[in-house]
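This report refers to the structure that appears directly beneath it.
Readers should treat all values here as calculations from the given coordinates under stated rules, not as data from a laboratory. This structure is a prediction, so every number in the text was calculated from the model and none was measured. Virtual Cβ from ideal backbone geometry, glycine too; neighbours counted across all protein chains shown.
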Amino acid sequence: MKKLKTKGSTKEIVLTQNNTANLVSVLMTVYNTPFNKVKQAIDSVLKQDFLNYELIVIDDGSHLDLSLQILSYCQLHQHKIKYMRHSNCGQSQSINLAVKICNGNYITILDSDDEYKPNHLSACLKGIEGNDLISSHTETIINTPEDYFVPDKNNHQKNIHVDDCILFATLFGKREVFLNQSFKNKYAADAIFYEQAALNYKVKKINLRTYIYYRNVSNSISAKLKKESLLK
């Protein structure tokens, strides 16, 4: 069943699902990511060996044709997927909004051009034991060795290895952590979130590589910052 809400210039389409309480909420924002990549990301969640989850797809104002494709695919899996669409406001704000409507005891994130290995959620649940929030390493897909490096959040002229970063989509934590603080609308919002959480909660970076991170993308924020730093 679809429900269309209109509020000002923002339109939100929500696919309702069953009332069964979900343990893990997976939040995925989409902004004009090619449909084949979005489908790959969604399918990787549907193939998890841990089944007690909900996937919330937040369409951050993609062009209409793509939005309709995504909506149609989500409709095929209404028992697991909730879809919402609003005017473009960026990944951080979109995640903050989704946190307020999700049902999970735990919350995690998936970028729309990446994917999970089939055991990602179950491995994260095991890894978070004794902690409130975790981050992990990734299986990083690259074109060249340079793709392993991204601009440092404190100095964009300096590059650091992705293994030394806190990445948005490897965050996995208790619901209260995400409710009690929000993501900032700026570069390295993920690292800032993790550092702020560490002031009040038990956090840990674990050696887990069940998240597939595609770094061979030329139009990512970090790729653009690297190009800008070379011009200075």
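Quick notes on this structure:
- Here VAL162, VAL150 are placed in order of increasing Cβ neighbour count within 10 Å, fewest first, which gives VAL162, VAL150.
- If R0 equals 22 Å, the separation of the Cβ atoms of LEU199 and LEU125 corresponds to a calculated FRET efficiency of about 0.35.
- Here the simple spin-label model places points 7 Å from the Cα toward Cβ, and for HIS63 and HIS79 these points are separated by 3.5 nm.
- Taking the stretch 110-140 and a reference point 7 angstrom along Cα→Cβ of LEU46, the backbone N atoms nearer than 17 Å belong to 112-119.
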